Amino acid sequence: MPYYNDDGTEMNPNLFPKPQLCLSCKKKDDENEEILCNLTRLDQQGETDFKCYAYEKIENI
């Protein structure tokens with residue numbers, strides 16, 4: 001599924017590194033959360049602080 005920014009430029013989430021917070025989230029491999037996660041990451045590209053209100057820490061990390 002392609003994603004587009006406000007000016008219509010296509011954005012590929014695979015080309016942007018995942019923030020550290022995403023790597024410790026239990027939803028990171030959940031297909032049902034993929035769209036929300038990608039949109040959250042793409043929306044905050046270039047921000048100094050990454051915030052995700054859907055974040056759930058993996059218990060054993």
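The values are calculated or read from the model by the stated rules, or taken from the named source; none is laboratory data. This structure is a prediction, so every number in the text was calculated from the model and none was measured. Ligands, DNA and RNA are excluded from the accessible area calculation, which covers all protein heavy atoms including side chains. Shrake-Rupley method; radii C 1.70, N 1.55, O 1.52, S 1.80 Å.
Numbers for the structure displayed
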read-out	value
Nearest 10 degrees, 0 to 90: helix 34-43 Cα axis against the chain principal axis	60 degrees
Interchain or long-range residues, amide H under 5 Å from MET11's placed H	TYR3, TYR4, ASN5
Heavy-atom accessible area per residue - the chain, 1.4 Å, Å²	82 Å²
Apportionment of accessible area to carbon and sulfur, the stretch 1-48, percent (1.4 Å)	47 percent
Candidate values (i) 40, 26, 19; (ii) 27, 26, 18; (iii) 43, 18, 15, label of the one derived for Cα extents along the principal axes in Å	(i)
